[in-house]
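> What follows is a structure written as structure tokens; I'll ask about it next.
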Amino acid sequence: MLKVLLCCLITFCSVQLLAQKKFVTDKGRVDFVSNAELELIRSSSSKLRGVVNPASNQFAFSVPVQSFQGFNSELQREHFNEKYLESEKYSNMTFTGKIIEQVDFAIDGIYDVRAKGELNIHGEKQTRIIKSQITIDQGSLTIESTFKVPLTDHNISIPRIVNQKIATEIEVTVKAAMTLQ
């Protein structure tokens, strides 16, 4: 009986601890791929910042547009920032919302979830439901997701002269390792 009471007390304390703390990261990674008819463009940023509140299932993520690297040329990077995403005007991409499924953040495991929220790119917010995988391991959290972003959803237009070099839908992959703080 004492063992059962002790286990319940430990579980209750760990749930209370989670209710007060949040998972955070400032070193997540975002990769994107534009696979167009005439050109493959890859870029990434390791400047993803984010927070997940285990008590409410709410989240917020942000990545600076100018932090993306790896284009095929410096001119591509310049056009990405100046012409397409207008990073001086729209400095961050954000995704904020709530995890739909209930997750017990105190129990290690792999959870397939859906994140519903506002994806804001180029100043255009779109409500999205994005499938993700959460891995909880000894008090740390890893989030992984791959999804497509149609450029027209975010008012990003591609000039006709380069429309065969830039895909109309961009594949985005996110991976963030988060710690409880």
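The values are calculated or read from the model by the stated rules, or taken from the named source; none is laboratory data. No experiment lies behind these values; they were computed from the predicted model shown. Virtual Cβ from ideal backbone geometry, glycine too; neighbours counted across all protein chains shown. Keep in mind that these areas ignore ligands, DNA and RNA; they rest on the heavy atoms of the full protein, side chains included. Shrake-Rupley method; radii C 1.70, N 1.55, O 1.52, S 1.80 Å.
> So which residues in region 109-168 are within 18 Å of residue 36 (Cβ to Cβ) and aliphatic (A, V, I, L, M)?
Result: 149, 151, 156, 158, 161, 162, 166, 167.
> For the structure I just gave you, tell me whether residue 87 is within 19 Å of residue 50 (Cα to Cα), surrounded by 13 or more Cβ atoms within 10 Å (Cβ to Cβ) and small (Gly, Ala, Ser). Reasoning before the result, please.
Details: within 19 Å of residue 50 (Cα to Cα): no; surrounded by 13 or more Cβ atoms within 10 Å (Cβ to Cβ): yes; small (Gly, Ala, Ser): yes.
Considered against the rule, which asks whether it is within 19 Å of residue 50 (Cα to Cα), surrounded by 13 or more Cβ atoms within 10 Å (Cβ to Cβ) and small (Gly, Ala, Ser), residue 87 comes out as no.
> Consider residue 158 against the criteria (1) part of a strand (DSSP E or B); (2) open to solvent by 20 Å² or more (accessible area, probe 1.4 Å): it satisfies all of them except one. Which criterion is unmet?
Among (1) part of a strand (DSSP E or B); (2) open to solvent by 20 Å² or more (accessible area, probe 1.4 Å), residue 158 violates only (1).
> So, of the residues in region 37-58 that are open to solvent by 20 Å² or more (accessible area, probe 1.4 Å) and among the hydrophobic types (A, V, I, L, M, F, W, C), which turns out to be nearest to residue 115 (Cα to Cα)?
Residue satisfying both the conditions and the ranking: 51.
> Okay, moving on. If I go through region 93-142 residue by residue, how many of them are under 16 Å from residue 63 (Cα atoms) and of a type in the set (Val, Ile, Thr)?
Going through region 93-142 one residue at a time, the tally reaches 3.
> With the condition kept exactly as written, say whether any residue in region 64-86 is part of a strand (DSSP E or B) and of a type in the set (Ser, Thr, Tyr).
Looking for residues that are part of a strand (DSSP E or B) and of a type in the set (Ser, Thr, Tyr), one finds none in region 64-86, hence no.
> Which of the residues that make up region 94-121 are closer than 14 Å to residue 174 by Cβ and assigned to a loop (DSSP other than H, G, I, E, B)?
Hits for region 94-121: nothing passes.
> Consider only pairs whose beta carbons are under 9 Å apart and that are at least six residues apart or on different chains; among these, list those whose first residue lies in region 89-108 and is closer than 25 Å to residue 155 by Cα and whose second residue is assigned to a loop (DSSP other than H, G, I, E, B) and open to solvent by less than 60 Å² (accessible area, probe 1.4 Å).
Every condition considered, the pairs that remain are 89/122; 89/123; 90/122; 90/123; 93/85; 93/122; 98/56; 98/57.
> Quick test of your reading of the structure: residue 165 fulfils all but one of (1) open to solvent by 60 Å² or more (accessible area, probe 1.4 Å); (2) assigned to a helix (DSSP H, G or I). Name the failing condition by number.
(2)
> Can you name the residue in region 122-155 that is in contact with a Leu (Cβ under 8 Å, 6 or more places away or on another chain) and in a loop (DSSP other than H, G, I, E, B) and is also surrounded by the most Cβ atoms within 10 Å (Cβ to Cβ) among such residues?
Only one residue tops the list, namely 122.
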